[in-house]
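Here the structure is laid out as structure tokens; the discussion comes afterwards.
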Amino acid sequence: MTEPENRPTNFLRTIIDADIAAGKHGGKVVTRFPPEPNGYLHIGHAKSICLNFGLARDYRGRCHLRFDDTNPVKEDVEYIDSIKEDIRWLGFNWGEHLYHAADYFGQLYDWAEKLIAAGKAYVCDLNADEIRHTRGTFTEPGRDSPFRGRSVEQNLDLFRRMRAGEFDDGAKTLRAKIDMASPNVNMRDPVMYRIRKTSHHRSGDAWCIYPSYDWAHGQSDAIEGITHSICTLEFEDHRPLYEWFLEQLALPHRPTQYEFARLGLNYTVMSKRMLIELVKDGHVRGWDDPRMLTIAGLRRRGVTPEAIRAFCDKVGVARANSTVDMGMLEACVRDVLDPKVRRVMVVHDPLRVVIENVAESAVEETLAPFFPDDPPRMGARNVPFSCIIYIEREDFMEEPPKKFFRLAPGREVRLRWSYVMKCVGVVKDEKTGAIVELRATIDPETRGANPKDGRKIGGAIHWVSAAHAVPVEVRLYDRLFTVPNPAGAKDGTDFKAYLNPASLVTLSGALGESSLKAAVAGERYQFERKGFYFVDPIDAKPGAPVFNRIVSLRDSWAKAAQDAQQPTSGGRRERRGSSNAPR
RNA sequence: UGGGGCGUCGCCAAAUGGUAAGGCCGUGGACUCUGGAUCCACCAUCUGGGGGUUCGAAUCCCUCCGCCCCAGCCA
């Protein structure tokens, strides 16, 4: 009952199962997602959100949303709202359990005095540089601060005066008195409070001293009754400190910290610093640029919350650093969208075709299902056909290679939902030799039927009637970087050097079937043989839709074509992830 | 370098001493008016290397190798 089916197990579930079996925390599970409101959430955060809220859901516990807002100089309310919106959009709900570390400042302060009184903390006059220099190195122990021996009375007095604003920023800190010789540098008298005469987005000017992460986090967990405090691997070294504070305070509730590996994805960057740089330097159009793996970017691109959740489930949770293939995300997106999205025809790069045996005035309409695999489910639309149509330029080849079964001189293809068409002529530009038009004839017997003589038609292509087509803007998005690990260049090359110049290709000449006149912002479609698309909620205007490609369809022809072009030269061909490249 | 972690298929990831799940990718085939979807089959004699314990080891022990994190008054 606690373990849902289909959800892969992981070490945390194993631990929780054991805790429940042992009656720990009275069998309760309380987790939390503790973002610092200093930036936008990205897919890495989504992993943590799915984990924490997912555990709470599956074990019938609860998950708190707690803003870890202990550093006023980096944080801002603007982020609070975006973070809440993103979590809700992802499909999770913290109910009434919304908290701020800032709301614990009073309690934290009292506890700090308690530690001082117990001789476990002291006010230190060393500045940041001096603290660094006396901390020692990995191989040498640190030296005690000259202020380490201050009396309890003195410390209390000084600490109260710190709080009262008597000292300048950086002039003094409160430090935990632990062990300057500890092999774990985090235990070498870590700072608990620093002076920051900055107003806080939540506590205003009530405080001029602010607790550090290490001092605030575990105690916040304890206050809220968190049972399993889940964070990423880099905090592992902080666990002894987390436990030390809890032990000194001897609080009735004792949370435990567990660490898991953060999500890494290839062909992108995830660090806040790099994301900011991309936005600030204009390499993308903002935090919600569809190429960004921010939650806002994914949403704008058209990726659904279900797909992100499915991805997080599939990726799993473990303690080994890993980099997940972008193809995995793409696969999840296709999986989720495929059964629920209408199919429609859009020609991305139109090539004009004049059909010689159709009268100029003739217009034929065909009712075509929006979802051919289950026609009743999504209804149908009219697809008009006339003597001039456009087909995809790449669906015609003058000299087709072996397995190309689309259009070529003298060859036939099926026009989807319409006739079998034969190419009878190629019109070229006299100067450039470029193909400007095709001449064709249709087999009038083949509308909605196979050729009577039993001849097999190899391919079916999408098309659009010239007289009825609606011009649409199509934005083809591709991975933002050209290399798997842009941030990890051995020679120190800046990650921006690997930006993919084709990460956004805007098609202005694309032509959609007439039903697309009715496209509404926020809708998703499959453009047959192309991919899944989303009507951009911001740039689309009524009657002038803008489509973001969410993800391309799997394309085994593109793969075959590429393999044919670059044959395996002496083995060792690079394995390709799924291709999302513009074609 | 001191400390803390981690190494299971190209990429994720289960298996907790009983004889290597699953997903992504890939390959072959069936089907197909989307080269999509779907279906079927194949895809680690082996768990970083080497020793050892055991009837039996990815799991325990020893040893070596590789990778990641830590010296913010960031989180």
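Can you spot a residue in segment A:449-462 that is more than 37 Å from the chain's Cα centre (by Cα), at pLDDT 95 or above and not in a loop (DSSP other than H, G, I, E, B)? Checked segment A:449-462: no residue is more than 37 Å from the chain's Cα centre (by Cα), at pLDDT 95 or above and not in a loop (DSSP other than H, G, I, E, B).
When A:Thr256, A:Thr232 are screened for being among the hydroxyl-bearing types (Ser, Thr, Tyr) and without any contact (Cβ under 8 Å) to a residue 60 or more places away in the chain, only A:Thr256 passes.
Picking from residues in segment A:143-157 that are part of a helix (DSSP H, G or I) and touching a helix residue (DSSP H, G or I) at 6+ places or on another chain (Cβ under 9 Å), the one that is nearest to RNA strand B (Cβ to nearest atom) is A:Asn155.
Looking at segment A:518-531 only, could you name the residues that are more than 9 Å from RNA strand B (Cβ to nearest atom) and either under 21 Å from the mean Cα position of the chain (by Cα) or more than 19 Å from A:His462 (Cα to Cα) (or both)? If the condition is that a residue be more than 9 Å from RNA strand B (Cβ to nearest atom) and either under 21 Å from the mean Cα position of the chain (by Cα) or more than 19 Å from A:His462 (Cα to Cα) (or both), then A:Ala518, A:Val520, A:Ala521, A:Gly522, A:Glu523, A:Arg524, A:Tyr525 are the ones that fit. Exactly one residue among A:Val336, A:Val347, A:Val341, A:Val317 is free of Cβ contacts under 8 Å to residues at least 60 places away in the same chain and under 39 Å from the mean Cα position of the chain (by Cα), and that residue is A:Val336.
One residue stands out among those in segment A:294-311 that are open to solvent by less than 10 Å² (accessible area, probe 1.4 Å) and outside any loop (DSSP other than H, G, I, E, B): the one that is farthest from RNA strand B (Cβ to nearest atom), which is A:Gly297.
The strands (runs of 3 or more DSSP E) found wholly in segment A:188-279 and carrying at least 3 residues that are over 25 Å from A:Gly170 (Cβ atoms) and either modelled with pLDDT of 95 or more or in contact with a Cys (Cβ under 9 Å, 6 or more places away or on another chain) (or both) occupy A:228-232, A:256-260. Exactly one residue among A:Val123, A:Val191, A:Val152 is within 26 Å of A:Glu75 (Cβ to Cβ), open to solvent by 40 Å² or more (accessible area, probe 1.4 Å) and not hydroxyl-bearing (Ser, Thr, Tyr), and that residue is A:Val191. Hey, any hits in segment A:556-568 for a residue that's under 19 Å from the mean Cα position of the chain (by Cα), within 10 Å of RNA strand B (Cβ to nearest atom) and in contact (Cβ under 8 Å) with a residue 24 or more places away in the chain? No, every residue in segment A:556-568 fails to be under 19 Å from the mean Cα position of the chain (by Cα), within 10 Å of RNA strand B (Cβ to nearest atom) and in contact (Cβ under 8 Å) with a residue 24 or more places away in the chain. Among the residues of segment A:227-242, those identified as near RNA strand B (Cβ under 7 Å from one of its atoms) and not aliphatic (A, V, I, L, M) are A:Glu234, A:Phe235, A:Glu236, A:Asp237, A:His238.
Which ranges mark the strands (runs of 3 or more DSSP E) fully within segment A:36-142 that have 2 or more residues being of a type outside the set (A, V, I, L, M, F, W, C)?
Working: elements: A:62-67, A:98-100, A:121-124.
In segment A:36-142, A:62-67, A:98-100 are the strands (runs of 3 or more DSSP E) which contain 2 or more residues that are of a type outside the set (A, V, I, L, M, F, W, C).
Within segment A:351-364, none of the residues are open to solvent by 50 Å² or more (accessible area, probe 1.4 Å), over 15 Å from A:Ala469 (Cα atoms), in contact with an Asp or Glu (Cβ under 6 Å, 6 or more places away or on another chain) and not hydroxyl-bearing (Ser, Thr, Tyr). Here's a check for you: in segment A:200-228, which residue that is under 14 Å from A:Pro72 (Cβ atoms) and polar (S, T, N, Q) is surrounded by the most Cβ atoms within 10 Å (Cβ to Cβ)? The extreme case among them is A:Ser212.
Pick out the one residue from A:Lys177, A:Lys172 that is crowded, with 18+ Cβ neighbours inside 10 Å and within 11 Å of RNA strand B (Cβ to nearest atom). None of the other options fit; the residue is A:Lys172.
Going through (1) away from RNA strand B (no atom under 15 Å from the Cβ); (2) surrounded by fewer than 17 Cβ atoms within 10 Å (Cβ to Cβ) one by one, A:Leu476 falls short only on (2). Evaluated against (1) more than 10 Å from RNA strand B (Cβ to nearest atom); (2) open to solvent by less than 50 Å² (accessible area, probe 1.4 Å); (3) assigned to a strand (DSSP E or B), A:Asn382 falls short on exactly one condition, (2).
The values are calculated or read from the model by the stated rules, or taken from the named source; none is laboratory data. Since we're looking at a predicted model, the values are computed, not measured. For neighbour counting, all protein chains shown are included, and Cβ atoms are generated from backbone atoms with ideal geometry for every residue, glycine included. Accessible surface is based on the protein model in full, side chains and every heavy atom, while ligands, DNA and RNA are left aside. Shrake-Rupley method; radii C 1.70, N 1.55, O 1.52, S 1.80 Å.
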